[in-house]
Amino acid sequence: MAAQNLKIALIGNPNTGKTSVFNQLTGLNQQVGNYPGITVERKQGSVKLPGNIKGTIIDLPGTYSLNASSMDENVVIELLLNRNDKDFPDVAVVVTDVENLKRNLLLFTQIKDLEIPTILVINMADRMERKGISLDIPHLEQHLNTKIALVSSRKGTGIDGLKKLIVNYESLSTEPCLNASGIDPEYFNKLRNAFPNQLLYKLWLVITQDVNFGALERNEIQNSSFTKSKSELKRLQQKETIKRYQFINDVLKQGQTIDSSKAKDLRAKLDRVLTHKVFGYVIFFCILMLIFQSIFAWSEIPMDFIDRSFTWLSSWTSRTLPPGKLTELVADGIIPGIGGVVIFIPQIAFLFLFISLLEESGYMSRVVFLMDKIMKRFGLSGKSIVPLISGTACAIPAIMAARNIENWRERLITILVTPFTTCSARLPVYTILISLIIPNRMVLGVFNLQGLTLMLLYLLGFAGAILAAYILNLILKVRFKSFFVAEMPNYKLPMFKNVGINVVEKTKAFVFGAGKIILALSIIIWFLGSHGPGDNFKNAEAHVRQQPQSLSLTEQELDNEIAGYQLENSYIGIMGKSIEPAITPLGYDWKIGIAIVSSFAAREVFVGTLATIYNIGSSDDDATIKQRMDADVSPVTGKKVFNFATGVSLLLFYAFAMQCISTLAITKKETNSWKWPLIQLFGMSTFAYVVSLIAYQLLK
Ligand code: GDP
């Protein structure tokens, strides 16, 4: 008797409703992680089975067959071929869609042939009547040599029956469905004689795959005389597939009847409009605009609330706790750091609410169909359009939205280029710089010149993303295989349970994954900005008060003067000053240097830092910051510090440079390695430097 904790593997083609079945079985008892070393998502959950038996379900990535052509599929094969794997299932549950039974059964027959106890779930039973489908379950069970659960994960029917089948897994037949050796009897005979203790179909899969499992076994076979040329293996694989479909056709001929006169429906009509050459794009962009309007409008209220709560908490802490280093750390480092994580939650939740609705309804597949051709040219996927446009709000949720892209190379490129799109944190920087260097004038009677500049910067962001994608595509092309299966699932009303679970999962993934890194880095940046070496920082107040002109200042002005002096002598200030030689060719002085270094944490800090350096009261007071910046004259050149050339150079720098630790943290989380965020950081910043350098040198 097996242990009381059954191991159950959930397997199936994409879009068969596997996730819905998983959600029905486990509810919120889910843990999402990654497979070690790769970015494929690993989902596991627990289920209570009849007779007080507990089960652990592993939701394996959706796969079309056991012939691996993507990283996701490798995961499935590696597990099923390795009986020593700690996750090797007691029972495999293969999920199929009643409307695509023929195609979905291919994978089922392969798994059966591995002689693992296998249950067949035929899902979406609620659609049978509408589609005129009827099934002869006993016939199917007999010929497929299995037990069948006819399920509607939408309605929740058949789930109890499935649980019973799982508990009784030991009574399942492990007879294979068909004898693969028929494709080349002589070769398979030789194999059988050489490895009498091994399962023949498993050997065949080991020979034909490029997967890493049981290294020893694999070498043993490969070094023997059993390797065939690649093309010969391909031919045999095709033969195997044909044989499998023949078998499935035979079984379904008796087991399934479809009255196609009932199958006529809305779908074709909807498809014609939604994937139309003109209307398709118009409708899609209208939907996108609606979504982003809502995200902006709806998340503003909770974000405001979070912002105010954390500010209040921070000042309350520093007032209430005894003064000292620890209080400073809590009040100015940790609390704002946590606030910096929590503030993203509303946007992430709303974006994923909408994305799940689009996915669940089947509309996203039409978008992919529509956009794929254009985006493919730049190494992106049709689905990349969602992250790229979401990036105008914030790159964090946008990068997480790239999870919907199945192909790893396209997903990676999307993640890497998304931060180029103009996020809302750039807006305050753009606004103040534009107002300094671009005259507030109308051109052609209708366009405001400052508004036009802002629009140009947005377009520049998109152009940067597309160009970077194109270059990355050239570089990465050889390294990952691309592969795309066009599939158009049916339109469906979204299942709210799926949508809800998805939103909760994504938010949790952000808070506990990237959140930790953001918090840690925020504390480091806080430390560097509020501490300094030597006596200058410590004695800031005494120093400022000694100055003869300080006598004429009000207390408020004096405080500002001190804060400015402290910042100048903090670690960040020193870093900003020490990079002056490197940024002089870009037209910047040390003050801008400090603003750039401190806004590495987040771009919008730029304005606040300049406000402190220019010693002005509240950073909201735009007019005074602007006037001070405008009046600042460089002692070296005798020209305005914020002249046209410097302004343009700075705008370009902020358009392209990677200045957001939260984005780096989420890239680390999503790619599961530090390599890609570092490439993002250096790639984008180098590009920004070069472009700004050229712009300044041409314009000065
Ligand atoms: P996965 O890609 O296999 O994980 O599939 P999902 O669970 O994401 O489901 C794909 C689509 O099928 C979604 O739009 C679901 O709402 C829908 N779906 C899932 N189960 C059922 C079902 O039993 N009946 C119907 N009508 N739709 C379902």
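Just the residues that are acidic (Asp, Glu) and within 16 Å of residue 503 (Cα to Cα), please, taken from region 348-404. Break it down into steps so the answer makes sense when it comes.
Start the filter on region 348-404 by keeping residues that are acidic (Asp, Glu), which leaves 359-360, 372.
Correct list: 359, 360.
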Taking residue 257 as the residue in question, decide whether it is open to solvent by 30 Å² or more (accessible area, probe 1.4 Å), among the hydroxyl-bearing types (Ser, Thr, Tyr) and not in a helix (DSSP H, G or I). yes
Within the set of pairs 6+ apart or on separate chains, which have a first residue in region 191-202 that is under 12 Å from residue 176 (Cα atoms), a second that is of a type in the set (Phe, Trp, Tyr) and crowded, with 17+ Cβ neighbours inside 10 Å, and C-beta atoms under 7 Å apart? 200/188
Only one of (1) within 15 Å of the ligand (Cβ to nearest atom); (2) basic (Lys, Arg); (3) open to solvent by less than 40 Å² (accessible area, probe 1.4 Å) does not apply to residue 130, and that is (3)
Conditions: (1) surrounded by fewer than 16 Cβ atoms within 10 Å (Cβ to Cβ); (2) over 23 Å from residue 521 (Cβ atoms); (3) in contact (Cβ under 8 Å) with a residue 24 or more places away in the chain. Residue 302 meets all but one. Number of the miss? (1)
Has region 454-476 got any residue that is within 16 Å of the ligand (Cβ to nearest atom), open to solvent by less than 30 Å² (accessible area, probe 1.4 Å) and among the aliphatic types (A, V, I, L, M)? no
Failed item in (1) away from the ligand (no atom under 16 Å from the Cβ); (2) closer than 25 Å to residue 207 by Cβ; (3) not in a helix (DSSP H, G or I), with residue 61 passing the rest: (1)
Any hit, region 503-523, residues being within 16 Å of the ligand (Cβ to nearest atom) and hydrophobic (A, V, I, L, M, F, W, C): yes
Name the residue, out of 327, 320, 275, that is loosely packed, with under 15 Cβ neighbours inside 10 Å and farther than 21 Å from residue 399 by Cβ. 320
Taking only region 139-172 into account, find how many residues are out of contact with any Cys (no Cβ under 9 Å at 6 or more places or on another chain), open to solvent by 40 Å² or more (accessible area, probe 1.4 Å), assigned to a loop (DSSP other than H, G, I, E, B) and away from the ligand (no atom under 16 Å from the Cβ). 1
Which condition does residue 64 not pass, out of (1) under 26 Å from residue 160 (Cα atoms); (2) in contact with a helix residue (DSSP H, G or I) (Cβ under 7 Å, 6 or more places away or on another chain); (3) open to solvent by 10 Å² or more (accessible area, probe 1.4 Å), if it passes all the others? (1)
Give the residues of region 384-400 that are over 17 Å from residue 668 (Cβ atoms) and part of a helix (DSSP H, G or I), sorted by residue number. 384, 385, 386, 388, 389, 390
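Residue-by-condition table, conditions (1) of a type in the set (Ser, Thr, Tyr); (2) modelled with pLDDT under 85; (3) in contact with a strand residue (DSSP E or B) (Cβ under 8 Å, 6 or more places away or on another chain):
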| position | (1), (2), (3) |
| --- | --- |
| 261 | yes, yes, no |
| 265 | no, yes, no |
| 290 | no, yes, no |
| 305 | no, no, no |
| 316 | no, no, no |
| 323 | no, no, no |
| 332 | no, yes, no |
| 343 | no, yes, no |
Mind listing whichever residues of region 592-605 are out of contact with any Lys or Arg (no Cβ under 9 Å at 6 or more places or on another chain) and not in a loop (DSSP other than H, G, I, E, B)? 592, 595, 596, 597, 598, 602, 605
Within region 359-380, take every residue that is outside any helix (DSSP H, G or I) and open to solvent by less than 10 Å² (accessible area, probe 1.4 Å) and give me the one that is farthest from the ligand (Cβ to nearest atom). 379
Collect the residues in region 637-665 that are β-branched (Val, Ile, Thr) and over 21 Å from the mean Cα position of the chain (by Cα), keeping them in residue-number order. 637, 641, 646, 648
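If you check residue 389 against the conditions, is it touching a helix residue (DSSP H, G or I) at 6+ places or on another chain (Cβ under 8 Å), surrounded by fewer than 20 Cβ atoms within 10 Å (Cβ to Cβ) and farther than 19 Å from residue 476 by Cα?
Yes; evaluated as a whole, the condition is true for this residue.
Table: residues versus (1) modelled with pLDDT under 80; (2) over 29 Å from residue 395 (Cα atoms); (3) among the hydrophobic types (A, V, I, L, M, F, W, C).
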residue	(1), (2), (3)
562	no, yes, yes
585	no, yes, no
607	yes, no, yes
622	yes, no, no
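Got a sec? Which helices (runs of 4 or more DSSP H) wholly within region 501-586 have at least 3 residues that are open to solvent by 60 Å² or more (accessible area, probe 1.4 Å) and in contact (Cβ under 8 Å) with a residue 12 or more places away in the chain?
Passing ranges, in order: 540-546, 555-569, 571-578.
The values are calculated or read from the model by the stated rules, or taken from the named source; none is laboratory data. Being a predicted model, the structure only gives us computed values, none of them experimental. Positions of Cβ are backbone-derived with ideal geometry, glycine not excepted, and every protein chain shown enters the neighbour counts. Ligands, DNA and RNA are excluded from the accessible area calculation, which covers all protein heavy atoms including side chains. Shrake-Rupley method; radii C 1.70, N 1.55, O 1.52, S 1.80 Å.
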